[in-house]
Each structure stands twice: as C-alpha cells, then as structure tokens.
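Everything below concerns the one structure shown next.
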Ligand SMILES: [Zn+2]
Ligand SMILES: [Zn+2]
C-alpha cells in the first residue's frame, strides 16, 4: 500500500507530492492515522524556503506537517503508555535520550532534538510514525481538528507565560496569525486588556473579533502610534508580544512598551532586527524569546480548549483534503486564512 505525502525534497522554494510506502512503527514508536493536520507559518516558510530552515537540508526528502491529531493504528515493540485505537495529538519535538539533559531526566532541555515534520517525516500524509513518548491523549469532547490546534496554542500559551501577564494589565499583540490569535486568547484569559494589531490583515482581524474581546486594529495605510491613538490606546503597554515575524515590529513594539516592560518575541525573523539598546537600558525593558512550550503546558492547553471549544474552532477558517494542500498554502500565504486544517 502507498499513501500520498506532501514533502520538501530540495533546498529551494516549493513542495512536492509523492506516493510513499506506508511507514512501519520502529521500537518505541507508534503509527498514527492522521485525521487533521494544520498548516503552520513554519510550513509556509519551509515551502517558500525563507532563511532560517537550512538545517532541514540534511533530512530531505522529508514529509512536512507538525500540528496534528489522529488515532494510533499500530504499536512498535516496547511502545509504552499508549494503546491501540487511542486518540492522540503529538508533540513534534522528539528528544535524543542520550544528551546530558535527557540522561538527567530533563527532556525539556534536550540538545539533540529532531522535529517531526522538519527533521523526520511529518503529518501531511495518511500515516506518520512517532515516538510513543510524544503522544498526548486527547480528552473526550475534543475532535481531531481542535486537538491539532494544541501545538500552536502551546506556543501561544508559552509566550503569554514569558510575558508574565497579570490581571488588569494592558498587552499589545503584534501579528494576528494563529499564534497571535492564541496569544490574545490566553492574555485575555489571564485577565489582561488586549490590543491585537496586523498590517493588511482584515480577514484575520475579523476572526480575532469573533474569537476574543481584543481591540483588533489594522495598520494598513497608517502606523502603529496613529492606529493606537485612534483606538484610544496610546498609553504604554505592560507587555508587548510579537508574533508577526516582521522585523520592524520589534522596534515598534519596544516604543509602545512601558518602563520595565517585557517584549516577548515569538515570531521567526528572516533578518536581524535593529534595536535601540540605549533606550532599552534607560527604560529597563527586557526582551524574551519564546519558542517551544514545556511538556507540561500541553495539558493546560487541552484543558483550555475543552472550556473554550467554540473560540478555538472559530480559529479554523478552512478545511481541505490533503490533495488540495497547495490551495491551503496559498490561503495561508495570502493571510486570508487563520488556520487551515488538512485532512489526509
Ligand atoms: Zn507550527
Ligand atoms: Zn537529549
């Protein structure tokens, strides 16, 4: 039997479909029948082949797709803590089990990671083999497309945690893509007043207004200070969280931050950003990078989704069969879509 898979085959722009033999679970692994897999900004960057993903080259050709959920259909030898037929979502970052952090029992600190859908075959295919350790059980009441949102929402939750958002604070979120939308949701849940800004992002900002109570502003034809003033939001923010991956957003965000405030950078930037360090020093501001959520955050996200099922579902704007993945990528690139879910 063969299956359709969407792959990165060479270090240049583009993706290719391939018919591949069905994978076999190796020791310690399970085979997951993918029911829903989200297209992530990372996948779009990999497709466009923007700077920052060069390390993927060694693993090519590789099936991409790292935000997914499905059902366990085969168990490899010694696959522990999982059961046949179990519904799971999968943490895409696999650990090596050999480095100092791993052998000391701190897998969050592993230095030898490989990403499912980046360094090894991912979920834009009917079947994917993954370490049993990476499987997270999906609770009753969450269907596959919601469960596939766990990974991006864990990134959002982690960024909000690093911003140390407190009730009553004002938080500015730059970038209304799925990660930014999730950040707005979690900041709001933490009791903050949220402003979410995008540039030429009418569709995603409309999704934001449907999903949460954030003030959603479009900077098309204006700039951040003017748009904030027009929305009555000129006062400095306690925290600014950047999820745009746009270099100018960093300096613009720092300028809207209060003395002692935190800028959390969650976007992936193709270029270095200029930063006025003297101003940063005098304002005693700090900049934190947010990348991968700790393992423990996954259960917090699943619990949040159970309480906010319809808000999270509103983030899924398009559902397509895998064979139409390229249309899904175009929708993500055009920023018409919030989250596109593919169904292999
Ligand atoms: Zn992702
Ligand atoms: Zn390790």
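Dividing the Cα radius of gyration of the chain by 2.2 N^0.38 Å, with N the residue count, gives 0.99.
Compared with the dominant Cα axis of the chain, that is its longest principal axis, helix 178-189 is turned about 60°. The P(r) of region 241-288 has a tail past 16 Å containing 29 percent of all C-alpha pairs. Altogether, the Stokes-Einstein calculation at 37 °C and 0.692 mPa s, with the Kirkwood radius of region 1-105 over Cα pairs as Rh, returns a diffusion coefficient of 210 µm²/s.
Counting neighbouring beta carbons within 10 Å and listing from fewest to most, the residues 276, 161 come out as 276, 161.
Calculate how many DSSP beta bridges within region 153-289 are antiparallel, expressed in % of all such bridges and rounded to the nearest 5. Of the beta bridges lying entirely in region 153-289, close to 0 percent run antiparallel.
A crude spin-label estimate for the pair residue 106 and residue 2, with each label 7 Å from Cα along the Cβ direction, gives 4.7 nm.
Distance from the C-alpha centroid of region 297-344 to that of region 119-198: 11 Å, rounded to the whole angstrom. Distance between the 7 Å Cα→Cβ label points at residue 24 and residue 114: 1.7 nm. Once the cut-off is 27 Å, how many percent of the Cα-Cα pairs in region 153-289 end up in the long-distance tail? Above the 27 Å cut-off, region 153-289 has 9 percent of its Cα pairs. On the basis of the beta-carbon distance and an R0 of 35 Å, residue 33 and residue 166 show a calculated FRET efficiency of 0.25. Relative to the longest principal axis of the Cα atoms of the chain, the long axis of helix 202-211 makes an angle of roughly 80 degrees. Within region 30-60, name every residue whose backbone N is under 13 Å away from a label modeled 7 Å from Cα of residue 80 along the Cβ vector. Once the point is set 7 Å along Cα→Cβ of residue 80, nothing inside region 30-60 turns out to lie under 13 Å by backbone N. Per residue, the average separation of C-alpha pairs within less than 8 Å and at least 6 apart gives region 89-200 a relative contact order of 20 percent. Here the mean projected area of the convex hull built on the C-alpha positions of region 196-253 is 4.1 nm². Sorting 291-302, 221-232 by average packing, meaning the other beta carbons within 10 Å per residue, from highest down gives 291-302, 221-232. For the pair residue 259 and residue 9, the difference between a 0.36 nm per residue extended length and the Cα-Cα distance amounts to 85.3 nm. Estimated purely from DSSP H runs of n ≥ 4, each contributing -39500 (n - 2.57), the mean residue ellipticity at 222 nm for the chain is -8000 deg cm²/dmol once divided by its residues. Secondary structure note: in the chain, about 55% of the DSSP beta bridges are antiparallel. The angle between the Cα long axis of helix 297-307 and the longest principal axis of the Cα atoms of the chain comes to about 80 degrees, rounded to the nearest 10. Panel order for 127, 75, 277, 157, by other beta carbons found within 10 Å of each beta carbon, from fewest to most: 277, 75, 127, 157. Put a dot 7 Å past the Cα of residue 324, heading toward its Cβ, do the same for residue 210, and the two dots end up 1.7 nm apart. Compared with the alpha-carbon gap, the fully stretched path from residue 73 to residue 220 is longer by 48.2 nm at 0.36 nm per residue. Its relative contact order, with pairs defined as Cα atoms under 8 Å and 6+ residues apart, puts the chain at 17 percent.
Where a number appears in this text, it was derived from the coordinates with a stated rule and is not lab data. Remember, predicted model here, so these are calculated numbers, not experimental data. In this analysis, Cβ positions are derived from the backbone assuming ideal geometry, glycine residues included, and neighbour counts consider all displayed protein chains.
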